[in-house]
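The values are calculated or read from the model by the stated rules, or taken from the named source; none is laboratory data. Given the structure is predicted, the values throughout are model-derived calculations rather than measurements. As a convention, Cβ positions derive from the backbone with ideal geometry for all residues, glycine included, and neighbour counts pool all protein chains shown. Each accessible area value is taken on the protein alone, full model and side chains, heavy atoms only, with ligands, DNA and RNA left out. Shrake-Rupley method; radii C 1.70, N 1.55, O 1.52, S 1.80 Å.
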Amino acid sequence: MSERILRLDKSGIPVEWLEWQVAATLYARGLVTWTLGAEIYRLHGGTSRMTGTRSLLSLHSIIACEGVACSHKRPAPPLTNRALFRRDQHLCLYCGKSFAENVLTRDHIVPTSRGGKDRWLNVVSACRRCNQRKGSHQLGEIGMQLLALPYVPNMAEYLALINSHRIRGDQMAFLRSQFGKESRLL
């Protein structure tokens, strides 16, 4: 059993990926308020001493759980190289060539040595050659241009980015419906 379950808050906002054991605990505690998608696990428990029937728990690919729905704006998702490279579709945003994840680097548009921050809107994927060419310069100083503007992925897109190789079709369809208009994954 290796498929992850997409957890939503009760208002339908994506929150996180769960392993089946954690999801089973939420079901057993009565915290799952509604489900979507296919049944992906069927767990058989013990036999009831009172009724003689065996317990059965069906886990769906998408679950919404009790709790406070966040009405305020959530902070940006954590910035990791894996999510960044997937956001930029494994392209160097300077030369436009495609590279493997282990060859790409994180480049700061405004270099950190010049006060740039390590944030989604200030970083792009770059090949080593372009990153070294740019160095600690501003783009205009050396005549380089970005092929696409950086953006902050929303939580739905972030969850798709960090788990992209293991997402079921029903989960991806749900997440895709909540991507931002600037998403490159649409």
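Could you tell me whether any residue of segment 79-91 is open to solvent by 30 Å² or more (accessible area, probe 1.4 Å), charged (D, E, K, R) and farther than 30 Å from LEU36 by Cα? Looking for residues that are open to solvent by 30 Å² or more (accessible area, probe 1.4 Å), charged (D, E, K, R) and farther than 30 Å from LEU36 by Cα, one finds none in segment 79-91, hence no.
Taking the criterion of being part of a strand (DSSP E or B), over 30 Å from LEU139 (Cα atoms) and in contact with a Leu (Cβ under 9 Å, 6 or more places away or on another chain), would at least one residue in segment 48-55 satisfy it?
yes
Select, from GLY37, GLY67, GLY96, GLY45, the only residue that is open to solvent by less than 50 Å² (accessible area, probe 1.4 Å), without any contact (Cβ under 8 Å) to a residue 60 or more places away in the chain and either in contact with a helix residue (DSSP H, G or I) (Cβ under 7 Å, 6 or more places away or on another chain) or not in a loop (DSSP other than H, G, I, E, B) (or both). Step through it out loud before you land on a result.
Details: GLY37 fails: without any contact (Cβ under 8 Å) to a residue 60 or more places away in the chain; GLY67 fails: either in contact with a helix residue (DSSP H, G or I) (Cβ under 7 Å, 6 or more places away or on another chain) or not in a loop (DSSP other than H, G, I, E, B) (or both); GLY96 fails: either in contact with a helix residue (DSSP H, G or I) (Cβ under 7 Å, 6 or more places away or on another chain) or not in a loop (DSSP other than H, G, I, E, B) (or both).
Residue meeting the stated conditions: GLY45.
On the stretch given as segment 99-137, residues that are under 22 Å from the mean Cα position of the chain (by Cα), in a loop (DSSP other than H, G, I, E, B) and over 16 Å from LEU147 (Cβ atoms) total 7. Only residues that are closer than 17 Å to ARG106 by Cβ and open to solvent by 40 Å² or more (accessible area, probe 1.4 Å) were counted in segment 139-183, giving 5. Cβ-Cβ distances below 6 Å connect the following pairs, each with a first residue in segment 8-30 that is in a loop (DSSP other than H, G, I, E, B), a second residue that is buried (at least 16 other Cβ atoms within 10 Å of the Cβ), and a separation of six or more residues or different chains: LYS10/ALA64. Within segment 48-64, take every residue that is of a type in the set (Gly, Ala, Ser) and touching a Gly at 6+ places or on another chain (Cβ under 7 Å) and give me the one that is most open to solvent (accessible area, probe 1.4 Å). Among those that are of a type in the set (Gly, Ala, Ser) and touching a Gly at 6+ places or on another chain (Cβ under 7 Å), it is SER55.
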